Amino acid sequence: MEKRAPRLYFTDEERTDPVLKKPIRKAQKMAAKADRAQEKIPKKTVKAKERVVDLASGKITTRLKFEEIDRKKPLSKFTHAVRDAPGNAVLMQFHREIRQSEDENVGVEAAHKSEEAAETGGRLARSAHRSHKLKPYRKSAKAEKRLDRANLGYLQKKAARDDPQLSGNPLAHWRQKRAVKKQYAAAKRAGQFTGSAGKAAENTAKVGKTAARESKRAAAFVGRYRNGFLIAAGVFLVLVLLLNVLSSSSVLLEGALSGVTASTYPSTDDAMLGTEAAYAQKEADLQNEIDHYEARHGGYDEYHYNLDKIGHDPYVLISILTAWHGGEWTLDEVRNTLSVLFSKEYQLTQTVETETRYRTETHTVTNPDGTNHTETRQVPYTYTVCNVKLHNEDLSHLPISIMNEDQVGMYSMYMATLGNQPDLFPTSAYPNASTLKTPTQYDIPPEEMADTRFAAMMAEAQKYIGYPYVWGGSSPKTSFDCSGYVSWVINHSGWNVGRLGAQDLCDICTPVSPADAKPGDLVFFVGTYDTPGVSHVGIYVGNGTMLAAGGPIGYSNLNTSYWQSHFYTFRRLPNP
């Protein structure tokens, strides 16, 4: 049976080349592992008819033959969850009604809990069974990904060997690697690395030659604009030196991500603009559903609406997709991700309340003497109220819950630079789009820095001025939100309070009056977004100024109307 794993074939000259020996050995090793993983996928035997022609007599006969093919991959856990959702919803409603009727009947309650436990156990068992059936498919997919990386490593090494002049040009080398990756992906989709060894070897050479052509184009491109690239490189070096003076580490330079190239969106403008349009269309469909809700969900006496605003920041969307997919993508490749993000951002729900009301009815009654009189009475009827709620979680709140730390770091880097494409989504056409903001600077008077505790706080806090605001962020790697920033600063300047939220920070501090506030105290606000209690926190640096995580981390004047309208209290940290 033909293997689906992409196999490269190498010439004798390539096998003996010291530059290519190691990547060839790795590619062959990964190919063998991919083949073994493929062989473990369950097979089934199927009948097939084969026509045979007798050349001497010209007679055509048909005979049966048997072939082994891969069994169809079982449905994933996610597919099962979607399929079972209606039934599970009915069960949940059933159990809810039983709980409401249990009251103090211990016997009914115990039986009900046993039934729920049995159902939960059954679901877990079915989930475990599905997971076990999917195991060989997962292992095969993982092995093929490793093989793809090994194959790309070989092709990129070969392209670099064939064009040694690119080794001293980082941008041209980066463009070369992208060209190799694209050619490999195209060849793999076309099935050019499977089939006969001769044909596969021919296609391996073809991909190498195409990549070499792209490499030469990259070199020519850089050569044509050499002066521009030299200027860009000089600006970048100055930026690096400046960052090194201001800070020993930077979220934009961690995790091997450095320079303008690393912080630039790698996808095409058409892909990004098309993706933004596709997400906006989902929002338009949601708005249409709300606008016609009563017509489509009729039958209720009254409707109450509690609706969050529909809208998102397109730069947040593109930064999430780029970090999540680890680089370049197309619209077709992220359509499923768009659906996942949309379902996490927006939740449209309804609850129905019923109550008994009374209306006055008049009836004509015939008296015994044949005359009539009227009587009125109160007649009960059921009145229904449909409560419709739309919750917008805010797209910028999602990265911390759906990504790992490295991906959140990439997301924060893209948001800090807007992918180096600040004009891709102009606010004139995209009113919710972010804009590049320069952090407000402030010179703390030297006499304030005489307090050693405050000086230690500022030594740590000022390292991160300019970092972007990232919801839930709590370290230089992920960047910060307001409470994550303050928690990090105080934990690295003498305190040990852990990662606290704004309300928790407020709770561990002692209130002080605005007249008694001094540098190093914390300042708290309420109502800066829809949340109960304290919603924002900053570090007071004196003279009506605070240092806090906003957009980006920087200084703010507390005497503005905005901060005055949301001001809650000054508080002093406990002794460390």
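Just to check your reading of the model, which residue among 5, 27 is small (Gly, Ala, Ser), assigned by TED's automatic domain parsing to the domain that holds residue 135 and at pLDDT below 65?
Answer to the selection: 5.
Would you mention how many residues in segment 480-513 are under 27 Å from residue 405 (Cβ atoms) and assigned to a loop (DSSP other than H, G, I, E, B)?
11
For segment 303-330, give me the residue count where each residue is at pLDDT below 95 and of a type in the set (D, E, K, R).
Residues in segment 303-330 being at pLDDT below 95 and of a type in the set (D, E, K, R): 1 in total.
Check 486, 512 and return the single one that is in the same structural domain as residue 552 (by TED's automatic domain parsing), surrounded by 19 or more Cβ atoms within 10 Å (Cβ to Cβ) and either touching a strand residue (DSSP E or B) at 6+ places or on another chain (Cβ under 7 Å) or closer than 26 Å to residue 319 by Cα (or both).
It is 486.
Just need a number here: residues in segment 374-398 that are in contact with a strand residue (DSSP E or B) (Cβ under 9 Å, 6 or more places away or on another chain) and at positive phi.
0
Going by what's in this entry, would residue 352 be described as closer than 30 Å to residue 302 by Cβ and not assigned by TED's automatic domain parsing to the domain that holds residue 471?
Judged against the criteria, residue 352 is a match.
Return yes or no: is residue 544 closer than 24 Å to residue 454 by Cα, touching a Leu at 6+ places or on another chain (Cβ under 7 Å) and either exposed (fewer than 14 other Cβ atoms within 10 Å of the Cβ) or without any contact (Cβ under 8 Å) to a residue 24 or more places away in the chain (or both)?
It is true that residue 544 is closer than 24 Å to residue 454 by Cα, touching a Leu at 6+ places or on another chain (Cβ under 7 Å) and either exposed (fewer than 14 other Cβ atoms within 10 Å of the Cβ) or without any contact (Cβ under 8 Å) to a residue 24 or more places away in the chain (or both).
Is at least one residue of segment 519-529 farther than 30 Å from residue 436 by Cβ and at pLDDT 95 or above?
Checked against the condition, which is being farther than 30 Å from residue 436 by Cβ and at pLDDT 95 or above, segment 519-529 yields at least one hit.
Of all residues being without any contact (Cβ under 8 Å) to a residue 12 or more places away in the chain and not basic (Lys, Arg) in segment 12-40, which is surrounded by the most Cβ atoms within 10 Å (Cβ to Cβ)? Just the residue, please.
28
Residue by residue through segment 527-545, note down the ones that are over 28 Å from the mean Cα position of the chain (by Cα) and of a type outside the set (Gly, Ala, Ser).
539, 540, 541, 543, 545
A quick yes/no check of all residues on (1) out of contact with any strand residue (DSSP E or B) (no Cβ under 7 Å at 6 or more places or on another chain); (2) of a type in the set (D, E, K, R); (3) farther than 22 Å from residue 494 by Cα; (4) at pLDDT 95 or above:
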| residue | (1), (2), (3), (4) |
| --- | --- |
| 425 | yes, no, yes, yes |
| 428 | yes, no, yes, no |
| 435 | yes, no, yes, no |
| 438 | yes, no, yes, no |
| 442 | no, no, yes, no |
| 451 | yes, yes, no, no |
| 468 | no, no, yes, no |
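Considering (1) loosely packed, with under 12 Cβ neighbours inside 10 Å; (2) more than 27 Å from residue 435 (Cβ to Cβ), say which one residue 571 fails and leave the rest.
For residue 571, the failing item is (1).
Residue-wise test of (1) over 30 Å from residue 182 (Cα atoms); (2) touching a Lys or Arg at 6+ places or on another chain (Cβ under 8 Å); (3) of a type in the set (D, E, K, R); (4) in contact (Cβ under 8 Å) with a residue 60 or more places away in the chain.
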residue: 263; (1), (2), (3), (4): no, no, no, yes
residue: 273; (1), (2), (3), (4): no, no, no, yes
residue: 280; (1), (2), (3), (4): no, no, no, no
residue: 292; (1), (2), (3), (4): yes, no, no, no
residue: 297; (1), (2), (3), (4): yes, no, no, yes
residue: 303; (1), (2), (3), (4): yes, no, no, yes
residue: 342; (1), (2), (3), (4): no, yes, no, yes
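Determine the pairs where a residue that is exposed (fewer than 13 other Cβ atoms within 10 Å of the Cβ), located within segment 135-149, has a partner that is assigned to a helix (DSSP H, G or I) with Cβ atoms under 6 Å apart, the partner being 6 or more residues away or on another chain.
Between residues of segment 135-149 that are exposed (fewer than 13 other Cβ atoms within 10 Å of the Cβ) and residues that are assigned to a helix (DSSP H, G or I), there is no close pair.
Is there a residue in segment 319-337 that is of a type in the set (S, T, N, Q), without any contact (Cβ under 8 Å) to a residue 40 or more places away in the chain and surrounded by 11 or more Cβ atoms within 10 Å (Cβ to Cβ)?
Yes, segment 319-337 has at least one match.
I need the full set of residues from segment 356-391 which are touching a residue at least 40 places away in the same chain (Cβ under 8 Å) and in contact with a Phe, Trp or Tyr (Cβ under 6 Å, 6 or more places away or on another chain), in order please.
Within segment 356-391, 384, 386, 388 meet the criteria.
Going by the structure shown, is residue 497 surrounded by 15 or more Cβ atoms within 10 Å (Cβ to Cβ), free of Cβ contacts under 8 Å to residues at least 60 places away in the same chain and not assigned by TED's automatic domain parsing to the domain that holds residue 316?
It is true that residue 497 is surrounded by 15 or more Cβ atoms within 10 Å (Cβ to Cβ), free of Cβ contacts under 8 Å to residues at least 60 places away in the same chain and not assigned by TED's automatic domain parsing to the domain that holds residue 316.
Quick one: what pairs do we get from segment 518-530, first residue without any contact (Cβ under 8 Å) to a residue 40 or more places away in the chain and in the same structural domain as residue 541 (by TED's automatic domain parsing), second of a type in the set (Ser, Thr, Tyr) and surrounded by 14 or more Cβ atoms within 10 Å (Cβ to Cβ), C-beta under 7 Å, 6+ apart or different chains?
Hits for this filter: 527/535; 528/535; 529/535.
Surrounded by fewer than 23 Cβ atoms within 10 Å (Cβ to Cβ), under 10 Å from the mean Cα position of the chain (by Cα) and either over 18 Å from residue 312 (Cα atoms) or among the hydrophobic types (A, V, I, L, M, F, W, C) (or both) - does that describe any residue in segment 407-423?
yes
As an exercise: evaluate residue 394 against (1) surrounded by 14 or more Cβ atoms within 10 Å (Cβ to Cβ); (2) of a type in the set (Asp, Glu); (3) assigned by TED's automatic domain parsing to the domain that holds residue 543 and give the number of the one condition it does not meet.
Unmet condition: (3).
Looking at 433, 517, 459, 502 in this structure, which one is among the aliphatic types (A, V, I, L, M) and surrounded by fewer than 17 Cβ atoms within 10 Å (Cβ to Cβ)?
459
The values are calculated or read from the model by the stated rules, or taken from the named source; none is laboratory data. Bear in mind the structure is a predicted one, so any value in this text is a computation, not a measurement. Here Cβ is always computed from backbone atoms with ideal geometry, including for glycine, and neighbour counts include all displayed protein chains.
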